[in-house]
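Undergrad: Can you read through this structure? Questions will come right after.
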Amino acid sequence: MTETLSRPTIGQLQERAHGDGHDYANGSPHIRHHSVRERVISGVHTLVGEVIERNGQCRVLEVGAGHGTFTDHLVAAGARAM
């Protein structure tokens, strides 16, 4: 019989590296300039609103490729993450 070792999830690895309560928004390696980040967030809210108005809903696919900051904004704007 073979033993299968469980691998840690990306979330678990991030928590090991950064610890509970790490501020991913301020520590984001992806968008360090707050004016650019705010423009992206504003665009996310606008786009989600337009999609909901047109289709009655907005679904987004979360693939776990980052720290989730923008997913939080998508959900706050009314999108449903899958």
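Undergrad: Taking H as built 1.01 Å from N, whose amide H comes closer than 5 Å to the amide H of Cys58, not counting residues under 5 places away?
TA: It is Arg80, by chain and number.
Undergrad: Ok, one more. So between Glu15 and Glu38, what do we pick up on full extension, going 0.36 nm a residue minus the alpha carbon distance?
TA: Values: separation 23, 0.36 × 23 = 8.28 nm, distance 2.52 nm.
Working it through step by step, the gained length comes to 5.8 nm.
Undergrad: Can you tell me which of 51-58, 38-45, 73-80 comes out highest on packing, and rank the rest after it, using the mean Cβ neighbours within 10 Å?
TA: By packing density, highest mean first, the sequence is 73-80, 38-45, 51-58.
Undergrad: Just grab the label-to-label distance for Ala81 and His45, each label 7 Å out from Cα along the Cβ direction, in nm (one decimal).
TA: If labels sit at Ala81 and His45, their model points lie 1.8 nm apart.
Each reported figure results from applying straightforward, stated rules to the coordinates on display, with no laboratory input. Just so you know, these numbers come straight off a predicted model, no measurement behind them. No Cβ is skipped: glycine too gets one built from the backbone with ideal geometry, and neighbour counts run over all protein chains shown.
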